[in-house]
Every structure is written in C-alpha cells, then in structure tokens.
1. Which residues does a label at LYS62 reach in the range 78-122, if reach means a backbone N under 13 Å from a point 7 Å past the Cα toward the Cβ?
2. Can you figure out the FRET efficiency of ILE33 with GLU82, using R₀ = 25 Å and their beta-carbon distance, to the nearest 0.05?
3. Check which residues have an amide H placed less than 5 Å from VAL68's amide H, if you skip close sequence neighbours.
4. With labels modelled as points extended 7 Å from the Cα through the Cβ direction, what inter-label distance (nm, one decimal) is found for GLU43 paired with VAL115?
5. Can you list residues from other chains, or at least 5 along the same chain, whose modelled amide H is less than 5 Å from the amide H of TYR95?
6. So if we plug the beta-carbon distance of ILE98 and HIS123 into 1/(1 + (r/R0)^6) with R0 = 35 Å, what FRET efficiency do we get, rounded to 0.05?
7. Quick check on the range 47-134: take the gyration tensor over C-alpha atoms, sort the square-rooted eigenvalues as a ≥ b ≥ c, and tell me if it's rounded (a/c under 1.5), prolate or oblate.
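Please treat every number below as a calculation from the coordinates, not as lab data. As the structure is a prediction and not an experimental result, all values here were calculated from the model. Cβ: placed from backbone, ideal geometry, glycine included. Neighbour counts: every protein chain shown.
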Amino acid sequence: MRINKILVVVGISGILLLSTFLITLMHKPIKAIYHLDVIDLREKDYKTRLIILSLQGIVNRKEPKLYVLWESRDKFGNPSEEWLKYCESKGWISYEEISIESALKKYKDEIEGFVVYDPNFRHTINVATTMSGL
C-alpha cells in the first residue's frame, strides 16, 4: 500500500515534469531542436526511480535535457513514450537512450549534494524531493 502511494506521488511528479517540458517546447520556435537523454525506468525499483526523477528535476531547470520513461508496460500503452515519439516526429527533439550510470556521470557537475529521507517514515520522501529541488 505504501509503495503504491509513493508510485502515485512519483507518477504525479512525472506528469508535472512532462507538462513543464511540453509548455517549454510550445514557447520555443519550431526550429529549436533539443537533444534529450532518455532513461528507461519502467522496470526499476522505486528507490532508483526516485533518484533519477530528482536528477531530472535538477538537470531540466533551464532547458529540457533529461527525459524518463517511467510507466509500467501494459496493454494501454505508455504516455511518456508516446509523447517522446510525438515530439520527435514534430522535429522538436532528438534523443538518445542512456543508462542510469551514464546519466549520473554526465550530470554530476549539476549536483551539489544529497538529501536523505527516513525509510521508516515514507512521507519524508516528499520532503526530501522538495529539498533536493531547491
């Protein structure tokens, strides 16, 4: 039950990040092409998802650089993957899938520290992710 709540919070965060990304694209000239690094988190545990989604928020402060595929694979499709393909088909982006390790190495200079949450109090994840974005 707790993991489901965490995934809902992470899911909502992902939707908000996607919305911000799309709004940014709509305010840029059509000829502006962004190159995105894409990380597939669909089969990863929630701790891995948490660190990469936090990294995404930090890295994308000024412009879109890092995009994650995060929903589970199912018969209804994956919105994050569909949006990625749609934006590419419009010529707004190009992308390359990279590993988690590659992303951490590539963006290490944009990270200034870390915030630890208490695994005994799951609600502290929200506090930690908020603090990491400040």
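1. Flagged as within label range: 109-111.
2. On the way: r = 19 Å, r/R0 = 0.78.
For R0 = 25 Å, the calculated efficiency reads 0.80.
3. Residues meeting the criterion, in which the H sits 1.01 Å from N, are ILE39.
4. 3.1 nm
5. So TYR95 has HN proximity to LEU36.
6. Working: r = 32 Å, r/R0 = 0.90.
The computed FRET efficiency comes out at 0.65.
7. Working: a/c = 2.28, a/b = 1.45, b/c = 1.57.
Cα axes put the range 47-134 in the oblate bin.
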